[in-house]
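Working notes, beginning with the structure itself.
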Amino acid sequence: TYTFSPPLDKEGKWKTNYGDAGEYLIKLIATDGQLSTERNVKLVVNRVNVPPTISGVKDIFAQEGETVTIQPEVKDPNNDPVTVTITEPLKSGTFVTDHTSAGEYQIVVLASDGEMEAKKTISLVVEDVNVLPVISNLQDLTVKEGELVKIVPEVEDLDGDDITLTISNPVGDTGEWQTSFTDNGVYTVTVTAED
């Protein structure tokens, strides 16, 4: 009859796992029921390195103006320290998008234990969000009859879209109105910028 000390089971077997590398002193006892003998046996488990694993990352869809974050879950079966790197624009783990961020980005998450590495590539799609054009250089005007009214609005579109500018009557789209001596009164002029 044989008995074995841990980590061997009663049949002298042990299914090793990653992280079990090392030297183990095993006590082996053999008995015939009357006499016993024992011997120490050194068991050496050699290290087998395997790459880290990456989970918890998938394709990301966002709109301009949103903050995008990524938090990969990285494990190493050998319990080695792991270095994680992420490509731009998520290198820091956070990407604050703005009106220029629309597009598709290929994001690579790399986990390395110094010997082996795991890599996962995902897509980050940032959808364009249209921003209203901004009209400036407008103020209330006071003129005398017979004078030329001139409106020169300045329009900015953060998306770079082509703008159609309309100015209501009595000024009109040219931005100029030559008043006559019968035009006294208060007029509301609407300037519209449309992308």
**Fill in**
For Rg and Dmax of the Cα atoms in Å, with candidates (1) 37.9, 134; (2) 21.2, 77; (3) 17.6, 53, the value calculated from the shown model is option (1)
**Request:** May I ask for the distance between the Cα centers of region 29-86 and region 130-178, given as a whole number of Å?
**Result:** 67 Å
**Message:** Under 10 Å, Cα contacts only: if you run a Gaussian network model on the chain, which one of F181, F95, F61 comes out with the highest mean-square fluctuation?
**Reply:** F181
**Asked** Where Rh is the Kirkwood radius over the Cα pairs of region 24-65, the temperature 37 °C and the viscosity 0.692 mPa s, what D in µm²/s does Stokes-Einstein return?
**Response** 200 µm²/s
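Computing the accessible area with a 1.4 Å probe over protein heavy atoms, can you report the carbon and sulfur percentage for region 1-68? The partial results should precede the final answer.
Details: 2620 of 5190 Å².
Solvent-exposed carbon and sulfur of region 1-68 make up 50 percent of the total.
Express the accessible area of the chain per residue in Å², computed with a 1.4 Å probe while the remaining protein chains stay in the model.
That works out to 70 Å² per residue.
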**Fill in**
Computed over the chain, the relative contact order (Cα-Cα under 8 Å, seq sep at least six) in percent reads 15 percent
**Request:** Would you mind telling me the share, in percent, of accessible area of region 80-195 contributed by carbon and sulfur at probe 1.4 angstrom?
**Result:** 49 percent
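Give a quick list of trypsin sites (Lys or Arg not before Pro) in region 1-64 that DSSP marks as loop, anything other than H, G, I, E or B, with at most 13 other Cβ atoms within 10 Å.
Numbers: sites: K10, K13, K15, K27, R39, K42, R47, K58; in loops: K10, K13, K15, R47, K58.
For trypsin sites (Lys or Arg not before Pro) across region 1-64 that sit outside H, G, I, E and B with at most 13 neighbouring Cβ atoms in 10 Å, the list reads K10, K13, K15, R47, K58.
Please report the net charge: other residues with Cβ closer than 15 Å to the Cβ of V82, K and R +1, D and E -1. Show your work: numbers first, answer last.
Working: positive: K75, K119, K120; negative: E73, D76, D80, D113, E115, E117.
Around V82, the surrounding residues sum to -3.
Listed highest first by mean packing, meaning other Cβ atoms within 10 Å per residue, what order do 125-132, 30-37 come in?
Details: 125-132: 14.8, 30-37: 8.8.
Averaged packing, sorted descending, gives the order 125-132, 30-37.
The values are calculated or read from the model by the stated rules, or taken from the named source; none is laboratory data. Given the structure is predicted, the values throughout are model-derived calculations rather than measurements. Don't worry about glycine lacking a Cβ; one is built from the backbone with ideal geometry, like all the others, and counts go over all protein chains shown. Only protein heavy atoms, including side chains, enter the accessible area calculation; ligands, DNA and RNA are left aside. Shrake-Rupley method; radii C 1.70, N 1.55, O 1.52, S 1.80 Å.
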